[in-house]
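Q: Let me give you the structure first, and then I'll get to my questions.
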Amino acid sequence: KGVLEYVEPEEEEAEALAAAVLESLEQALEGVEEARRAEGAKLAKVLAAQLDRIAELVAAAAASPARSVDAIHARIKEQVARLALASTSLDPVRLHQEAVLIATRCDIEEELQRLAAHVAAAREMLTAADAIGRKLDFLSQELNREANTLCAKANDSDLTRIGLSLKATIDQLREQVQNIE
């Protein structure tokens, strides 16, 4: 009885059953909320570690000997010497302009400053109480753009290695960001 045919429960039974169902639902929702909170805390630690790694790589790029004035000067001098050997009819003014262009393309200071600013912004977002998933996703895209530019401007194997490590770490960060609301 009650399996194949429906028996209307007494009013008290129906109320008790409804109360039990609502209590179970409330407990389940509280459990889901607590699980999301715990997952979010763990994910925040992972993201913070990745941001720390990005900051380390930015500092390594900033401290790279390849960025020194002497190193840049030596590279430009070498490139200009190669140009001078290739052609005897080079205009000295034009050669100077080319050297200035080469030096400008070597400068990664702006990229390093933007990367540092993006890392600071991401760290700030991790402490926010509102939904940050889309914001962090956008910020990870910006981090990736700056790392790409750094790699494009790198004229030294050390800076290229740092740039590629940056790109890999930023990609890992972006994968984790996809799990955030």
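The values are calculated or read from the model by the stated rules, or taken from the named source; none is laboratory data. These numbers were taken from a predicted model, which means no experiment stands behind them. Positions of Cβ are backbone-derived with ideal geometry, glycine not excepted, and every protein chain shown enters the neighbour counts. Ligands, DNA and RNA are excluded from the accessible area calculation, which covers all protein heavy atoms including side chains. Shrake-Rupley method; radii C 1.70, N 1.55, O 1.52, S 1.80 Å.
Q: Can you give the convex hull volume of the alpha carbon atoms of the chain per residue, in Å³? Walk me through the numbers before you get to the answer.
A: Numbers: hull volume 31.1 nm³, N = 181.
About 172 Å³ per residue, rounded to a whole number.
Q: Express the Stokes-Einstein translational diffusion coefficient of segment 65-159 in µm² s⁻¹, to the nearest whole number, given a Kirkwood radius over alpha-carbon pairs, 37 °C and a viscosity of 0.692 mPa s.
A: Values: Rh = 15.9 Å.
Reported coefficient: 206 µm²/s.
Q: What is the distance in Å between the Cα centres of segment 117-158 and segment 161-181?
A: Here the answer is 9 Å between Cα centres.
Q: Continuing with the same structure: Could you work out the helix-only [θ] at 222 nm for the chain, with each DSSP H run of four or more residues adding -39,500 (n - 2.57) and the total divided by the number of residues, to the nearest 500 deg cm²/dmol? Before the final figure, lay out each step's value.
A: On the way: 6 runs with 145 residues, N = 181.
Using -39500 (n - 2.57) per qualifying helix, the result is -28500 deg cm²/dmol.
Q: Tell me, what is the per residue accessible area of the chain in Å², probe radius 1.4 Å? Write down the numbers at each step before the final one.
A: Values: 12300 Å² over 181 residues.
Per-residue accessible area for the chain comes out at 68 Å².
Q: Given bins 5 angstrom wide, list per bin the percent of all Cα-Cα distances in segment 8-86, short to long.
A: Histogram of Cα-Cα distances, whole percents per bin: 3, 12, 7, 9, 7, 7, 7, 6, 6, 5, 5, 5, 4, 4, 3, 3, 3, 2, 2, 1, 0.
Q: Peptides 90-99, 117-126: what's the order by average Cβ count within 10 Å, highest mean first?
A: Numbers: 90-99: 11.7, 117-126: 16.0.
With the highest mean Cβ count within 10 Å placed first, the list reads 117-126, 90-99.
Q: Defining a contact as two alpha carbons under 8 Å apart and six or more residues distant in sequence, what relative contact order in percent does segment 55-141 show? Don't skip to the answer; put the middle values down first.
A: Numbers: 25 pairs, mean separation 30.0, N = 87.
Reported relative contact order: 35 percent.
Q: Just how large is the dipole of the chain about the Cα centre, in debye to the nearest 20, putting +1 at every Lys and Arg Cβ and -1 at every Asp and Glu Cβ? Please report the intermediate quantities before stating the final value.
A: Working: 21 positive and 33 negative charges, 465 e Å.
In debye, rounded to 20, the chain gives about 2240.
Q: Turning to a different aspect of this structure: Out of T169, P92, I108, whose Cα points farthest toward the positive end of the dipole of the chain (charges: +1 Lys, Arg; -1 Asp, Glu; placed on Cβ)?
A: Positive-most Cα among the choices belongs to P92.
Q: Place the peptides 55-68, 14-27, 161-174 in order of packing, highest mean first, counting for every residue the other Cβ atoms within 10 Å and averaging per peptide.
A: Working: 55-68: 16.4, 14-27: 10.4, 161-174: 19.4.
Result, highest mean first: 161-174, 55-68, 14-27.
Q: Okay, next question. Could you name the lysines whose alpha carbon sits less than 29 Å from that of K77, not counting residues in the same chain fewer than 8 places away?
A: Counting by Cα, and skipping residues close in sequence, K77 has these lysines nearby: K153.
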